[in-house]
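These notes are about the structure you will find just below.
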Amino acid sequence: MKESNNTRHTLLQKLQLSEGDEYWDEFVSSYEGYIYLVIRNMGVDPSTCEDLLQDVLVKLWKSLSSFKYEQEKCRFRTWLCVIIRNTVYNYFQSKANRNKQQNVNYDEVAESIKLITQPEIDKIAEVEWKSFLSNKAWDSIKDDFSPKAVQVFEASLEEDDNKVLSEKFGISTNVVRVYKSRIRSVLLKEITRLNFELGG
């Protein structure tokens, strides 16, 4: 029997309530893609992103117990993005301090990250969260549909005209509509499930 929404715990709550690290691997697996996206959004190169991702995870491990989940006041993803921003800033500030004699201008990068305001953090958190959830949900459900249905749905993200899609794939417009409708319905349910489960 499924738990009701009132008794189910998000992954974040399970992690905070557990005494060991039994949910930590699941947390990392669930959130590392999102953390990486946010770091990249701050203009950090891919190789540095990997290092910073590990730094953020270490900071999270140390401070997760202090986070109070109050969805109306502070969403977890906003709190997480503040930690990411501070970690990225500290990294480049430290580099700047050590590399005064070199041609690499870490000061500029650190300053640009320092200037990211709270409303900008909120916006980054929200935009990247939607993108992250959509991609994660799509990866989770796409194997449940036929390859043709998946192709049609993916093509519909670029082309909205059902007639054009029907001609491209050699199927009726009615079949195009059915594919799009079925997949969209399942995708939205999966996004909702993930959003709750991950406690974003």
Treating cross-link reach as a plain straight distance, find the aspartates and glutamates whose alpha-carbon is under 16 Å from the alpha-carbon of LYS14, omitting any fewer than eight places away in the same chain.
GLU3, GLU22, ASP25, GLU26, GLU70, GLU197
Please give the Cα centre distance for segment 33-48 versus segment 107-146, rounded to the nearest Å.
9 Å
Could you tell me which residue out of VAL186, ILE124, ASN135 lies farthest along the dipole of segment 119-200 toward its positive end? Charges go on the beta carbon: Lys and Arg +1, Asp and Glu -1, centred on the Cα centre.
VAL186
From the cross-link list LYS163/LYS189; LYS148/LYS180; LYS142/LYS180; LYS142/LYS189; LYS62/LYS136; LYS136/LYS189, the entries with a Cα-Cα span beyond 19 Å are LYS163/LYS189; LYS62/LYS136
Listed highest first by mean packing, meaning other Cβ atoms within 10 Å per residue, what order do 56-62, 24-30 come in?
56-62, 24-30
Whole-Hz ³J(HN,Hα) for each residue in segment 188-197, computed from phi via Karplus 6.51 cos²θ - 1.76 cosθ + 1.60 with θ = phi - 60°, x for glycine and proline: what do you get?
5, 5, 5, 4, 4, 4, 5, 4, 5, 4
With a 1.4 Å probe and every protein chain kept in, tell me what percent of the accessible surface of the chain is carbon plus sulfur.
48 percent
Over all Cα pairs of the chain, the Kirkwood radius sets Rh, and Rg/Rh then becomes 1.07
Please enumerate, by chain and number, the aspartates and glutamates with C-alpha under 18 Å from the C-alpha of LYS114, excluding those fewer than 8 residues away in the same chain.
ASP45, ASP55, ASP122
Only Cα pairs within less than 10 Å get springs; with that Gaussian network setup on the chain, which residue of GLU158, GLU128, GLU108 has the largest fluctuation?
GLU158
Tell me the mean residue ellipticity at 222 nm calculated for the chain from its helices only (DSSP H runs of n ≥ 4, each -39500 (n - 2.57), averaged over every residue, nearest 500).
-23500 deg cm²/dmol
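The values are calculated or read from the model by the stated rules, or taken from the named source; none is laboratory data. Because the structure is predicted, anything quoted here is derived from the model rather than measured. Note that each Cβ is placed from the backbone with ideal geometry, even for glycine, and that neighbours are counted across all protein chains shown. Side chains are part of the model used for accessible areas, which takes the heavy atoms of the whole protein and leaves out ligands, DNA and RNA. Shrake-Rupley method; radii C 1.70, N 1.55, O 1.52, S 1.80 Å.
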